[in-house]
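Reading through the C-alpha cells given below for one structure.
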Amino acid sequence: MKNAKLIIIPLFLCGGFLLLTHFTMGLRAEHFAIACLILILTWAHSKTRRLMLTLLPLALFGALYDYLRLIPQDHAGTIQVFNPYFIEFLFFAFPVNGVWILPNDFFRNHHHIILDIYFAIIYSLHIIIPIAFAFYLWLKNDPARYHFGWILLIANIFAFLTYVFYPAAPPWYVELYGMRPGDFSIPGSAAALLRVDQFLGIPYFAGIYGHEAWIFGALPSMHAGIPTLTLLYALRLRLTKISLAALLFLLSVWSAAIYLRHHYIIDLLLGAAYGLVTFFVFEICPASFISKRTKTLEKLRT
C-alpha cells in the first residue's frame with residue numbers, strides 16, 4: 001500500500017500540474033523537465049526522495065512565479081513609476097559634472113564588456129546558487145535542508161504578493177518610457193544584458209526577459225532576498241567557507257543588479273529585508289508549523 005501511494009500520489013500531482021499548466025498558459029519544455037525530475041527522484045530511492053523533498057519548495061517557487069502571468073491586470077495595484085525613482089533619487093543620487101544622477105544612470109555610460117559578461121553570469125546564478133546550497137545540505141544530511149527551502153519559498157510568496165498589490169517599475173522602464181504610467185502590455189527588457197546578446201550574437205537574454213511572468217516586480221528584489229537567505233543559513237550552520245562565498249556572491253549580485261540597470265538600491269535593500277524578516281520570524285523565533293512540516297517530511301523520506 002505504501003509503495004502504491006508513492007507511485008500514485010506523485011503521478012497524480014505532477015499530472016495535475018501539467019494539465020493545469022497546459023490549459024492555462026501552455027506547456028513548455030521546463031514544465032515537463034521539472035515534473036519528470038520530481039517523479040524520478042521520488043521513485044528511484046529513499047535518498048533521492050529526500051533530495052526531492054529538499055528541492056520541492058524551490059520548484060514550487062518557480063511554478064508560482066510562472067503563474068503570476070495569469071493574474072488579471074485589473075486585479076493588480078497601480079504601477080509605481082515615479083515613487084521608486086523619487087525615493088532612489090532622494091537617498092542615492094550623486095553629482096556628476098554638476099548633474100545629479102542615479103547609480104543606474106552612471107553605469108549606462110560607464111561599462112565594459114568584461115564586466116557585462118561577469119555580471120551577466122552572476123545575475124543568472126541567483127537561483128542556481130541556493131539550489132546548489134540545498135543540494136549540499138542534502139549531501140550532508142543536514143535537517144536544515146527542509147527549513148531552508150520552505151523559508152525561501154515563504155519569503156518569495158511575500159514578494160509575489162507585493163508585486164501584485166504594489167507593482168513597481170524597474171530602472172530600465174524609466175530609461176525607455178520616462179515617467180509615463182506603467183503599462184502591463186509592454187514587453188520586458190533585458191536592459192544592459194542586451195550588450196551581452198550583441199557580443200554573443202544571439203538574443204539569449206532578450207528572449208528570457210522578453211517573456212517575463214511579471215514585468216513590474218522590481219520591488220522588492222529577490223535577487224537580493226534569495227542570496228541574503230542563503231548567507232543567513234550558511235552563517236547559522238557555521239559553514240565558514242560557504243558563508244564567505246555566499247557573502248561574495250551577495251555583493252556581486254547586488255552590484256550586478258545596479259550595473260545592469262535592473263534594480264534600484266532601494267529594491268535590493270527591501271529584498272534583503274524580506275529575507276531577514278522571514279528568516280527571523282520562521283527560523284529564529286519559535287515556528288511550530290515548520291517543525292511539524294519537517295517531522296512529516298522525515299516520515300515521508302523512507
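Only the coordinates and a few stated rules stand behind these numbers; no lab work does. Being a predicted model, the structure only gives us computed values, none of them experimental. So basically every Cβ, Gly included, is an ideal-geometry build from the backbone, and we count neighbours across all protein chains shown.
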**Asked** Expressed in nm², what is the orientationally averaged projection area of the convex hull enclosing the Cα positions of the chain?
**Response** 17.4
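Grab the eigenvalues of the alpha-carbon gyration tensor for region 101-164, scale each by 5, take roots, and send me the semi-axes largest first in whole angstrom. Provide the component values of the computation, followed by the final result.
Details: eigenvalues 210, 71, 10 Å².
Semi-axes from the Cα gyration tensor: 32, 19, 7 Å.
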**Prompt:** Under 18 Å from the 7 Å Cα→Cβ point of Ser185, by amide nitrogen: which residues of region 13-28?
**Reply:** none
**Message:** Can you compute 3J(HN,Hα) from phi for each residue in region 211-221, using the Karplus curve 6.51 cos²θ - 1.76 cosθ + 1.60 with θ = phi - 60°, rounded to whole Hz and x for Gly and Pro?
**Reply:** 10, 4, 5, 8, 5, 9, x, 7, 10, x, 8
**Asked** If you build a Gaussian network model of the chain, linking Cα atoms that sit under 10 Å apart, which residue out of Ser221, Ser46, Ser255 swings the most?
**Response** Ser46
**Request:** Using only Cα atoms, tell me the angle between helix 46-67 and the longest principal axis of the chain; keep it within 0 to 90° and round to the nearest 10.
**Result:** 40
**Asked** Long-range amide H contacts for Ala168: which residues qualify at under 5 Å (H placed 1.01 Å from N, peptide plane, sequence gap of 5 or more or a different chain)?
**Response** Gln80, Gly217, Ala218, Leu219
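Relative contact order, percent, of the chain when contacts are C-alpha pairs under 8 Å separated by at least 6 residues?
Details: 359 pairs, mean separation 71.6, N = 302.
It rounds to 24 percent for the chain.
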**Request:** Would you please give the residues with an amide H less than 5 Å from that of Ile101, counting only those at least 5 places away or on a separate chain, with H modeled from the backbone geometry?
**Result:** Phe94, Val96
**Item:** Rounded to 10°, Cα long-axis angle of helix 265-279 versus longest principal axis of the chain
**Value:** 20
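Relative to the Cα centre, what is the charge dipole magnitude of the chain, using +1 at the beta carbon of each Lys and Arg, -1 at the beta carbon of each Asp and Glu, and rounding to the nearest 20 debye?
Values: 21 positive and 14 negative charges, 328 e Å.
With only Lys, Arg, Asp and Glu charged at Cβ, the dipole is about 1580 debye.
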